[in-house]
1. Going highest first, how would you order 65-76, 45-56, 244-255, 181-192 by mean Cβ packing within 10 Å?
2. Give the peptides 95-108, 223-236, 125-138 in descending order of average Cβ contacts within 10 Å, highest first.
3. Grab the other residues whose beta carbon is less than 14 angstrom from that of N206, score K and R as +1, D and E as -1, and report the net.
4. Give me the Debye-computed log₁₀ of I(q)/I(0) at q = 0.18 Å⁻¹ for segment 104-154, equal point scatterers on Cα only, no solvent, two decimals.
5. Alpha carbon centre of segment 82-121 versus segment 129-203: separation in Å?
6. Once you wrap a convex hull around the alpha carbon atoms of segment 155-205, what is its projected area averaged over all directions, in nm²?
7. Counting C-alpha atoms alone, how compact is segment 62-198: give Rg to one decimal and Dmax as a whole number, in angstrom.
Amino acid sequence: MGYLDDEVKHLRSVIEGLDGRLKALETKATGGAAPKKTTEEIRMILIGPPGAGKGTQAPKIKEKFSCCHLATGDMLRSQVAKKTPLGREAKKIMDAGGLVSDDIVIGMIKEELENNAECKGGFILDGFPRTVPQAEGLDAMLRSRNQTLQHAVELQIDDALLVARITGRLVHPASGRSYHTIFNPPKKDMTDDVTGEPLIQRSDDNAEALKKRLATYHSQTAPVVGYYKNTGIWKAIDASQEPGQVWKSLLAIFDGDKAKASSSIGGGILSKIAHRS
Ligand code: AP5
């Protein structure tokens, strides 16, 4: 048994050493900056009140996993910009801080998951589901595809911190990229860094509408957190940290998955060794 124990210890230290070396090389190769791309598939949702940082973090997740980023708010705003009948109805509801009907947003997400080629690498949902019926609709959609959700991440932040974030936000409508006059200013005033196009302020980004959006969040979306707590895939992040720290907290959640996978691989090898002897 002594020999086996030593062998197990030795193998563990080899695996840990290799893992550490791999991480160090990866950090060196990327300069520790850009999100490292991975071939893993991701299926996750970001839940959080207006201004929590869903739209700030989601593009990084998209880049890391080469998946699609579906933001129901952006989809609805695109309908508003095109002045479609849905857009005209949605604008009234959005400016009043209410929620567009469950059937409409469930239909929009279903359409994207079925037809958007980017979603083949998985998806990150931002602003959906926002009600328990939407969460049930998503589960039904995934069940019919023999898939499950891997993460429901809640961005937790006190309401009092959101006024400054929302009233200072600037948006590039075509891409959904968001900036902040103080916390994340564009290089040139009111201009998108990437395209050079003008930035705008959303019509619902004012203190009055925010109050209603927050009330809607607490009454209708908070129960969605409870829904995912019951499924075991819910995790919370402190969203009051600066954006880089929030991103690190998200990476820790993804790394937790890898650790679980490698410990089960390691466990498999080790248990085989133990079984043979
Ligand atoms: P939606 O567009 O989803 O708006 P929201 O949920 O209110 O969320 P926001 O986009 O305001 O916030 P965010 O968390 O993305 O914050 P961001 O990263 O930009 O929905 C709009 C409306 O559409 C809804 O009210 C509803 O009417 C309708 N709708 C949408 N989905 C629906 C659904 N499923 N069902 C029914 N109706 C639906 O950050 C905000 C600002 O803070 C930025 O300026 C950013 O630079 C800054 N910031 C971000 N992170 C940090 C940080 N860590 N520190 C400092 N500043 C930060």
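Since every read-out is calculated from the coordinates, none of them should be taken as a lab result. This one's a predicted model, so the numbers in the text were calculated from it and none came from an experiment. A quick note on method: Cβ atoms are made from the backbone with ideal geometry, for glycine too, and the neighbour counts reach across all protein chains shown.
1. Working: 65-76: 20.7, 45-56: 24.3, 244-255: 15.2, 181-192: 13.3.
Highest-to-lowest ranking by the protection proxy: 45-56, 65-76, 244-255, 181-192.
2. Details: 95-108: 16.5, 223-236: 14.7, 125-138: 20.8.
In descending order of packing, they fall as 125-138, 95-108, 223-236.
3. Summing Lys/Arg as +1 and Asp/Glu as -1 gives +2.
4. -0.55
5. Taking the Cα centre of segment 129-203 as reference, the centre of segment 82-121 is 14 Å away.
6. On the way: hull surface 15.7 nm².
Here the figure is 3.9 nm², rounded to one decimal.
7. Gyration radius and largest Cα-Cα distance of segment 62-198: 16.4, 47 Å.
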